[in-house]
Amino acid sequence: MLGNEAVARGAVEYNVELAAAYPGTPSSEIIETLTLVADDVGMHVQWSTNEMVAFEVAIGGALCGKRSLASMKHIGANWIMDPLMHAVYHGFDAGLLIISADDPSGHSSANEQDNRYMAQLAEIPALEPSDFQEAKDYVGHALSLSEEVKLPVMLRLVTRICHSRGDCTFGPVRREKRPPRFSDDYYRDFVLGGNIVGPKAIPKLHRIQHEKLARVEEAAARAGLFQSEVPEDGPSGGLGIIASSAPVGYVLDSLDSRGLMGKVGLLKLGLSVPFPEKTVSSFASSFEKVLVVEEGEPYIERNLAALAKCDLPGLKIFGKLTSHLPREGELNFSSVDGALASLLGLGAREVPPEKLKLMEVSSKLVTPRIMSMCAGCPHRAAFYAAKKATRTAANARYVAIGDIGCYTLGMYPPLRFMQDVFCMGGSIGVANGVAKSGITDPVIATIGDSTFYHAGIPALINATFNQANIKVMVLDNEVTAMTGYQPHPGCGETATGKPTKRVVIEEICRACGIEFVRIVDPYDFSSSVRAMEDAIRFEGPAVVIFRRLCTQEHLRRARRQGLRIEKYRVDPQKCVGCRTCVAAFGCPAIGFDRERKKAYVIALDCVGCGVCASVCPQGAFSPERAGEGS
Amino acid sequence: MSFDIFICGVGGQGLVLLTNALGRACLKSGLKAVTGEMYGLSQRSGTVSVHMRIGEDAHSPLISIGGADALVALEAIEALRYIEYLKKGGLALINSRIMHPPVETAGLVKDRTKKYFTLEEAVSRVKRWTSRVAVINALATAKESGNPNAENTVFLGCLSALRELPLDPEKVKEAIAEVVPRGTVDQNLKAFEIGMRMASEALCDFGVCRNLR
């Protein structure tokens, strides 16, 4: 089962009663899996507007005695810092779990941040499962620990746990509906008790938190979160390994393949924050050299170095800081095996020179597959129309800031529409500043529907408040497409498929004081161009909503209803080989025959959107059936 | 030793379903299996890869460089992109289909503005590393079975032809029937059978295939 599914199973087995999240790769499948069983097991499961709200919802659940969790991708966790830094001073009767899915190498993310440092900053425990079994079991350990020390606990996952599949043995499901009871301990102890006022109040709360943290290592050891193996007949090469998370598997693979299982000391840390000093110190004292293998920043390595300075002065520490392992990007078998081989004085596995040559040649030959929007994607049509509008209304001069979603791909060739992109909601916020910097070209912000609800609204209000002359393109494909078509507040449906009131984007825009709000269908090319031209010419903040259901979701519904999709074709008499369709529009369902110098439709990929017919200057594209008829 | 299969292709070709079927077949056979999947942003037209490891000593989901017993490429250019994972002399099952990256079609790639990458170029380069190559026209086979989307099951058939694959083909078929959309089971099983036969024919000189009745 998928690592994320194992985590979801853990939430069911260990009686989580409330789970909330905002989707983000590689974390989304946790909540998706829970939505399938939510009603059966009596769990409230929701997609929240953003990660901060999701975590606040979880706080609310824990405050009422329900085991609660909020899950998110590592960058999404940046949103929860504010409520988290407050929550740590409170106590909860029920376990409160933060699931952070880190993405080393940034396979589907904009950075490689290591959220163990977030746990360290907030001074909360962080657990690191290393395989699928632990992905499930650690949910239980984290909840028990949270209840024992009365702190929120982070479960730090990485892509190779989330998006890998393997064996996991289930435990019993023990569901218990705890009666909700709002706990006002904090209010009684610290507000009415007078401790929250006065100069010592905050340091006192902080001290209580430190006392809680001091109990964590012992509790984690009791739960079996530290597993160490020190070989009896003297450690091989005087080397011990400390590892956590997914790289534990690479260490085992390497030792196994070299016949060293059980011959090299190994300490597996299932909890890394707060740094388990006693456990690590006692393990490391048996060795002359320690190799630290961890995903992300050299967190364990640095803490071990600080510890060794006082406790183990002769210890030699190897890892990312000594360049035995790469400092950036995720680890893999080869990097870990290479580090082990060099420290044990064993031969590295050499890649034969003829293979190196082949690899070099292929890497030059093989064209990279730059991420691209799907055939029929409404975003491509919207960007193409907007680009045309900037030519007709602004001499092709503009600044466009993108946002996070499928539409970020509008930056890539051949569309090359946006010039920069930042965080969730950053398009509108940054555009506010660009517009106030004296730039006279139109300033455009492009944001998706789900992102608009997530983080776009405060920045839009700011544009009205400070009268920033920005043009916001809301690319509304009526679903959170990039992470797997999760519903959002505009869908009229909750995570568990129950009908709910739709929150309408145009109503929000008008309520935010935007006077120019236009809604267009991006497949209607001329109306789309006109709407953007008008917006650009309008003095003041303006919003154009490009609304059309995500093609993939559309196809899925069409398939379910048995609708036939009419493909398009190229009339070779009309096609003059100008290549507008492939070189400027870039639909992946259009190919170009270089010998005949004619475009053709790749019928298997065509979804029949027909935008190519509007784009082609010669009118060479037409529906297949129309062509057959003529 | 674990049996390691590196599977690659282009987003939308059904690699995850292929992996699910194999994993399920392992579960049915009481075999340990671990997979590592790379997808997410690459749902459509991006490069997708799956590491699949079968056997007790598969601890991590990633195959080492030069560690794969078999390379399955649902798209021919992708075979070359990931050739580093294949063992010297390992088995390569390659789809004859080439899906030109849109940037190549758009004429944005230097050296590729005149002529597209060809199947022959890809296969001849893979052959420098291993002679045990089977080129399979999976799209034609899938269409023949009545479902052009069944390229993935064609390759499940190809893999099942290998004697080294520690799975009974019957178990793989059971798994396919469980994971493919209802209503496409027969088409997929047909694609599986043809794929199995095609691989045995293409690889008959190397003695790596099961005896088919």
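Tabulated results
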quantity: Dipole axis of the stretch A:491-533 (+1 Lys, Arg; -1 Asp, Glu on Cβ), positive-most option in A:ILE514, A:MET532, A:THR496; calculated: A:THR496
quantity: Tilt relative to chain B, helix B:169-179 - C-alpha long axis, 0 to 90 degrees, to 10; calculated: 70
quantity: Lys, Arg +1 and Asp, Glu -1 on Cβ, resulting dipole of the protein assembly as shown about Cα centre, debye, nearest 20; calculated: 2160
quantity: Amide H contacts of A:LEU325 (H built 1.01 Å from N, under 5 Å, at least 5 apart or other chain); calculated: A:GLY319, A:LYS320
quantity: All Cα pairs of the protein assembly as shown, percent lying beyond 45 Å; calculated: 31
quantity: Summed residue charge, Cβ within 13 Å of A:ILE401's Cβ, Lys/Arg positive, Asp/Glu negative; calculated: -2
quantity: Kirkwood Rh in Å, taken over the stretch A:227-344 so that all alpha-carbon pairs contribute; calculated: 13.9
quantity: The stretch B:124-169: C-alpha pair distances exceeding 13 Å, %; calculated: 62
quantity: Dimensionless Rg over Rh [the stretch A:378-557; C-alpha; Kirkwood]; calculated: 0.95
quantity: Nearest-10 value in Å² for the accessible area of A:TYR186, using the 1.4 Å probe; calculated: 60
quantity: Inter-probe distance in nm under a simple model that places probes 7 Å from Cα toward Cβ, at A:ALA613 and A:ASP82; calculated: 4.9
quantity: The stretch A:349-395: GluC sites (Glu not before Pro) falling in loop per DSSP and having at most 13 other Cβ within 10 Å; calculated: A:GLU350
quantity: Potential extension, A:ALA341-A:ARG302 segment - 0.36 nm per residue separation minus Cα distance; calculated: 11.8 nm
quantity: Å² of accessible area per residue within the stretch A:378-557, as computed with a 1.4 Å probe and no ligands counted; calculated: 38
quantity: CD proxy at 222 nm, helix term only [per DSSP H run n ≥ 4: -39500 (n - 2.57); per residue of chain A; nearest 500]; calculated: -11000 deg cm²/dmol
quantity: Of A:LEU260, A:PRO23, A:PHE546, farthest towards positive along the dipole that unit charges on Lys, Arg, Asp, Glu beta carbons give chain A; calculated: A:PHE546
quantity: Calculated FRET value between A:GLU539 and B:ALA140, using beta carbons and R₀ = 51 Å, to 0.05; calculated: 0.30
quantity: Dimensions in Å of the stretch A:3-219 - Rg and Dmax from alpha carbons; calculated: 16.6, 55
quantity: A/B buried area, accessible surface, summed, 1.4 Å probe, Å²; calculated: 4900
quantity: Listed residues A:SER286, A:SER108 arranged by accessible area, highest first, probe 1.4 Å; calculated: A:SER286, A:SER108
quantity: Solvent exposure of the stretch A:43-181 as accessible area per residue, Å², 1.4 Å probe; calculated: 31
quantity: The stretch A:254-321: GluC sites (Glu not before Pro) falling in loop per DSSP and having at most 16 other Cβ within 10 Å; calculated: A:GLU288
quantity: Per-selection Rg to Rh, the stretch B:3-204 - Cα, Kirkwood hydrodynamic radius; calculated: 0.95
quantity: Accessible area of chain A belonging to carbon and sulfur atoms, whole % at 1.4 Å probe; calculated: 53
quantity: 10 Å Cβ neighbours from other chains, averaged over peptide A:159-171; calculated: 5
quantity: Ratio of the Cα radius of gyration of the stretch A:571-611 to 2.2 N^0.38 Å, where N counts its residues; calculated: 1.09
quantity: Residues A:LEU36 and A:MET261, FRET efficiency given R0 of 45 Å [Cβ-Cβ distance, rounded to 0.05]; calculated: 0.70
quantity: The stretch A:531-630, relative contact order [Cα under 8 Å, separation at least 6], %; calculated: 28
quantity: Where labels lie 7 Å past Cα in the beta-carbon direction, separation of A:THR440 and B:GLU178 in nm; calculated: 6.9
quantity: FRET efficiency estimate (nearest 0.05) - Cβ-Cβ, A:PHE422 to A:ARG557, R0 41 angstrom; calculated: 0.80
quantity: Per residue accessible area of chain B, 1.4 Å probe, in Å²; calculated: 37
quantity: Sparse-neighbourhood loop sites, trypsin sites (Lys or Arg not before Pro) in the stretch A:526-630 - DSSP loop, at most 11 other Cβ within 10 angstrom; calculated: A:ARG564, A:ARG596
quantity: Label-point separation, A:ARG222 to A:ASP571 (7 Å along Cα→Cβ), nm; calculated: 8.1
quantity: Surrounding net charge for A:GLY24, when Lys and Arg each add one and Asp and Glu each subtract one, Cβ distance under 10 Å; calculated: -1
quantity: Inter-chain Cβ neighbour average for residues B:75-88, partner chain, 10 Å; calculated: 3
quantity: Given charges at Cβ of Lys, Arg, Asp, Glu: chain A dipole, positive-most of A:CYS377, A:ALA126, A:PRO572; calculated: A:PRO572
quantity: Number of partner chain Cβ atoms within 10 Å, mean per residue of A:402-410; calculated: 1
quantity: D (Stokes-Einstein, µm²/s), Kirkwood Cα radius, the stretch A:358-436, 1.002 mPa s at 20 °C; calculated: 150
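The values are calculated or read from the model by the stated rules, or taken from the named source; none is laboratory data. What you see is a predicted model; the values in this text were computed from it and never measured. Glycine gets a Cβ as well: all are built from the backbone with ideal geometry, and neighbour counts include every protein chain shown. Please note that ligands, DNA and RNA were not included when accessible areas were found on the heavy atoms of the full protein model with its side chains. Shrake-Rupley method; radii C 1.70, N 1.55, O 1.52, S 1.80 Å.
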